[in-house]
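What follows is a set of notes on a single structure, which appears directly below.
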Amino acid sequence: MNQKLREVVLEGDAAALRQLLEEDPLLLGRTLDGSLLETPLHVAILRGHTRFAVELLEREPRLAEIYDESGTYPLHLASTRGYRNLVKKIIRAEPSLISTRDKQGRTSTHLAAIHGQIDVLKELLLVKKKILSQEVTSVGETPLHLCVKHNQIEAAKFLIEKDEELVNLQDDNGNTILHLAVVRKQSQMVKVLLDVPNVDVNAKNGYDFTPLDVLLQTPSESGDREITELLLHAGAKRGQKTNRVRSGSKTPWTMKAALKASWNNWYKRDDVWHKEMHNTLMVVATLIATVTFQTGLNPPGSVWQDSKPNPTSPAVGEVQPGTAIGNDVNFNSFKFFMYFDMIGLAASLTVILMLVSGLPLKTRFTTWLLVIAMWIALSSMTMAFVFGTVVITVSENILRKIPYILSIWLGLLAFILLSHFTVVAFSLWGKLKRSELSVERTWAVKKGDIETGGNRQGT
């Protein structure tokens with residue numbers, strides 16, 4: 001950012017900004033092509049210069065579409081700090097920005113919920129209307145989950161009034177907001193949630209724990225009795241399966257639930273990861289498609305320019321202008337060159353088609369399918385290069401080295417594949433063991449406290 005402009009932004013001096021723009025009308029536009037470490041709009045919001053930020057937007061609306069090095073958009077900052085007028089200005093200028101996410105997969109609605117910015121939530125919901133249940137983080141948390149996690153009671157009340165269905169939605173671990181409020185011993189939040197008519201007080205999470213089970217598996221605190229009474233009065237019960245769990249036992253349901261949670265944590269990744277991977281795949285696929293298309297129409301060894309007797313079989317007749325020389329001189333190698341070139345083109349075009357089709361591809365499985373297609377395209381390019389080299393090369397010394405090159409490439413593919421399998425296996429196993437040990441340890445603390453529907457002893 002220009003040093004003079006930076007000084008003006010830090011001071012929030014609108015008059016000085018107008019003077020700079022009179023001297024250089026393109027000053028703000030040039031900041032869009034610079035480093036993403038910061039923009040004038042980011043700095044103005046961080047400094048609290050909201051009126052100045054509005055003027056920046058009026059002068060250069062594209063500033064709202066630039067994110068900084070942490071993936072934070074100006075709308076995210078304005079939502080976090082509760083600048084409702086600035087939020088209104090941004091989303092009315094470009095409504096699509098309301099769906100942008102930071103590197104942690106959070107939208108402006110998530111950030112406003114985390115910080116309890118009710119005025120901002122009101123403004124955002126004027127645009128979003130009734131899709132709160134679909135707006136989740138990379139681990140399946142709705143804005144209401146985040147209100148509970150950060151104990152934003154008033155913001156939680158507001159969201160529940162807007163959509164009562166949110167109270168029973170589960171994150172990727174199966175936790176409803178009641179599970180989260182109970183495990184955090186938020187008695188006031190529990191009261192608010194239990195006042196909602198359709199709240200499911202016996203919903204089970206990924207470990208088959210009801211909210212009452214969650215309370216009983218955590219260390220005792222002074223507020224436990226109040227929460228226990230609230231839950232029991234609302235009809236809360238212990239899960240039937242959890243009644244049979246005792247310290248040291250590894251029941252089938254425990255292993256199944258731990259494996260499910262472990263798989264969910266690995267299978268889903270944040271939206272930013274998917275976006276960056278898809279962008280990379282699009283660039284590489286486009287490059288491969290371009291190369292394979294060009295080499296298919298302009299094969300190695302070029303094409304015949306005019307009719308002449310076939311050099312390998314004169315009795316066959318004359319060659320045709322525009323046909324590949326390699327096809328007549330070294331048909332076997334040229335045939336395989338064309339096969340692999342077409343496979344590479346088809347694989348890369350498939351990746352491009354999938355990415356531009358609008359299909360939901362935000363899971364590890366679908367993303368890895370695209371990666372496998374790219375492996376096929378890259379391997380086909382390698383093979384096409386090898387057979388293309390054979391077509392145009394007569395040196396025996398060079399041809400003898402080709403098998404070694406192929407062996408190195410195939411070995412590299414095998415190493416990468418084995419590395420991925422190893423990382424996935426160890427990741428899943430580690431998460432599984434941690435999940436299982438957590439279940440067993442917490443039940444060892446609470447074993448034998450109460451049976452279904454009973455009163456907790458010692459609270």
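The values are calculated or read from the model by the stated rules, or taken from the named source; none is laboratory data. None of the values given here were measured: they were computed from a predicted structure. Methodologically, a virtual Cβ is constructed for each residue, glycine included, from the backbone with ideal geometry; neighbour enumeration extends over all protein chains shown. Ligands, DNA and RNA are excluded from the accessible area calculation, which covers all protein heavy atoms including side chains. Shrake-Rupley method; radii C 1.70, N 1.55, O 1.52, S 1.80 Å.
Here are the numbers for the structure shown:
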item	result
Under Karplus coefficients 6.51, -1.76 and 1.60, residue-wise ³J(HN,Hα) of the stretch 82-99 in Hz, glycine/proline x	x, 8, 4, 4, 5, 4, 4, 4, 5, 6, 6, 6, 8, x, 5, 5, 5, 9
Extension gain, Gln3 back to Ala93 (0.36 nm per residue minus Cα-Cα distance, nm)	29.6 nm
Cα-based Lys pair tally, the stretch 39-145, threshold under 19 Å, eight or more apart or on separate chains	8
For the stretch 66-72, 3J(HN,Hα) per residue [Karplus equation, 6.51 cos²θ - 1.76 cosθ + 1.60, θ = phi - 60°, Hz, x = Gly/Pro]	9, 9, 8, 5, 8, x, 8
At R0 = 30 Å, FRET efficiency that the Cβ-Cβ distance of Gln104 and Thr218 yields, to 0.05	0.70
Distance between the stretch 56-91 and the stretch 325-357 - C-alpha centres, whole angstrom	46 Å
Pairwise label distance in nanometres, Val356 with Trp368, each label 7 Å out on the Cα-Cβ vector	2.8 nm
³J(HN,Hα) computed for each position of the stretch 206-214 - Karplus, 6.51 cos²θ - 1.76 cosθ + 1.60, integer Hz, glycine/proline x	x, 9, 6, 8, 7, x, 5, 4, 4
Per residue accessible area in Å² of the stretch 93-172, where ligands, DNA and RNA are left out and the probe is 1.4 Å	42 Å²
Computed label-point distance, nm, for sites His420 and Glu165 using a 7 Å Cα→Cβ extension	3.7 nm
Compactness of the stretch 1-71, expressed as Rg and Dmax over alpha-carbon positions, Å	10.9, 32
For Val303, distant residues with modelled amide H under 5 Å away	Ile325
Under 5 Å, built H, 5+ apart or other chain: amide partners of Gly206	Gly174, Asn175
Gained length - Leu21 relative to Val127, 0.36 nm times residue gap less alpha-carbon distance	34.9 nm
